[in-house]
Amino acid sequence: IFIRLVEIFKGRKYENLVDEPSELPSFLRRNNLALLREKTNSDTAFTLFLKLVVRAADDMRKGDHETGRPAALPPLLRKILSLVQPIGLLPFTKAQPPTIRQLSMLYNRFSVVAVAVFLDPASIQYRLSTARRYVNFKDADEETRRACIRGAMQLAILFRHMDLPLTDILEWLNDMTDVFIDE
């Protein structure tokens, strides 16, 4: 099922459905990871998919909690996370800015990064380096830049709540600031 759903979202380039808002999911906007385990009225199809991934991860790790062993990342979950996270660059530039709907492609990518780091904190550097490559910030239009800054900010808040290092995310925010200073 996961593979089929990933194919559907990849085919749409991770864009929300027509009637869905282009926004970060509520679990990121409200800085509340518990919302990953609850259905809310504002959930998009992609957010529901991410919640399915979290639920599957909970089920896979259930045995770890019962035995008292540390929760290692099961190989199947590692595979699911690698399938779910998009790698490719988005073509959002000043010359070709995205529509408001198309911005959901970027918001959904940041959401995947957040969920992947939440489920596998050891992958923080890989996930963040992938997120940084989603758009070329220097060539991006204002709305895309705003989305990148918001995405980085929400990821920084998540990392802080999880007691993860902020060095790489602060470097990314610094690089974005340098673009504005240069301009």
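The values are calculated or read from the model by the stated rules, or taken from the named source; none is laboratory data. Note that the structure is predicted; figures quoted are calculated from it, not measured. Using ideal geometry, Cβ is built from the backbone for each residue, glycine included, and neighbour counts are taken over all protein chains shown. With ligands, DNA and RNA removed, areas are computed over all heavy atoms of the protein, side chains included. Shrake-Rupley method; radii C 1.70, N 1.55, O 1.52, S 1.80 Å.
Being under 28 Å from Glu143 (Cα atoms) and more than 14 Å from the chain's Cα centre (by Cα) holds for only one residue in Glu23, Glu7, Glu38, and it is Glu7.
Taking the range 71-96 as the range and being at pLDDT 95 or above and surrounded by 15 or more Cβ atoms within 10 Å (Cβ to Cβ) as the test, the residues that pass are Leu90, Phe92, Thr93. Looking at the range 142-154, I want the residues that are in contact (Cβ under 8 Å) with a residue 12 or more places away in the chain and within 13 Å of Leu90 (Cα to Cα) and have a partner that is of a type in the set (Phe, Trp, Tyr) and not in a helix (DSSP H, G or I) with Cβ atoms under 8 Å, at least 6 apart or on another chain. Which pairs are those? Every condition considered, the pairs that remain are Thr144/Phe92; Cys148/Tyr134. Just one of the numbered conditions (1) under 16 Å from the mean Cα position of the chain (by Cα); (2) open to solvent by less than 10 Å² (accessible area, probe 1.4 Å) is not true of Ala140: (1).
If the condition is being under 18 Å from Val84 (Cβ atoms) and aromatic (Phe, Trp, Tyr), then the range 123-149 contributes Tyr126, Tyr134. Every condition in (1) touching a Leu at 6+ places or on another chain (Cβ under 8 Å); (2) touching a residue at least 40 places away in the same chain (Cβ under 8 Å); (3) open to solvent by less than 60 Å² (accessible area, probe 1.4 Å); (4) closer than 28 Å to Asp19 by Cα holds for Ser104 except the one numbered (1).
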